[in-house]
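One structure below.
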Amino acid sequence: MSRKDDEIDPRVVRTRALLRQTLMQLVTEKSYGNLTIQEITQRAGLNRSTFYLHYIGMHELLEDCAKDLFAEMRNEIYEKASQVKPQNLEDYEPFVECVFKHLQQYLSFYRAMLGKNGDPYFSSLFQELLAELIFEPMRGEYHSNAESELILRFFTAGFSGIATWWLESSSPIPVGEAARLVTRDVLPAYMKLTED
């Protein structure tokens, strides 16, 4: 059976979803770096050999989990983008709010994965997503060079740091207020540095 056929097979879809769910549950109990495939398969009620039919190792499962979660966030943001074409900075607030709402929906998982005991690889995947969904579209057409990439990386890391603080502090300010502050205080500085 080809990989394409595997993805259509409902049993494969169910098994992968179960493994992703189990990973998301376990990282809230134990740090990702200390998890084993054996723990995941036992909790999921599967054989270890079943895991290897779907994934090479833990990082491939984590990538699949991130891909699934990020696709959900991407869809929410693209849905907003189809309704509103940002003309000024305030128009970006609903997009930033989508990020915080998504983080709130999966609070325990993101807190575990982006926090101090999280996984650096997952953190970099999250920053890439922020760049794609928030920061790169704001630059419009641009020539990629070292300076523009440096600015992009600085602000995506900063936004990721804000998100991590917000998660670890148990959402100290409401989602809407967090989105408003980022839109009002972070994005203007980014736009100013990217103008040329």
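Read-outs: derived from the displayed coordinates by stated rules, not from any lab. Quick caveat: nothing in here was measured; it's all calculated off a predicted structure. Glycine also receives a Cβ, built like all others from the backbone with ideal geometry; neighbour counts cover every protein chain displayed.
Counting other Cβ atoms within 10 Å, keep those with at most 10, restrict to DSSP loop, and tell me which trypsin sites (Lys or Arg not before Pro) in region 61-166 are left.
K116
With label points built 7 Å along Cα→Cβ from the Cα atoms of A71 and A17, find their separation and express it in nm.
Simple spin-label model gives 1.1 nm for this pair.
Hey, with R₀ at 30 Å, roughly what FRET efficiency would D9 and Q38 work out to, going by the Cβ-Cβ distance, to 0.05?
Using R0 = 30 Å, I get an efficiency of 0.75.
Over the Cα atoms of the chain, what Rg and Dmax result, in angstrom?
Both quantities, over Cα of the chain: 18.5, 57 Å.
Take I151, I56 and order them by how many other Cβ atoms sit within 10 Å, fewest up front.
I56, I151
Can you compute the helix-only [θ] at 222 nm over the chain? Use -39500 (n - 2.57) per DSSP H run of at least 4 residues, normalise by all residues, nearest 500 deg cm²/dmol.
-21500 deg cm²/dmol
Determine the alpha carbon to alpha carbon distance for each of K67/K101; K80/K101; K80/K116; K101/K192 and list only those over 24 Å.
Too far apart for the 24 Å limit: K80/K116; K101/K192.
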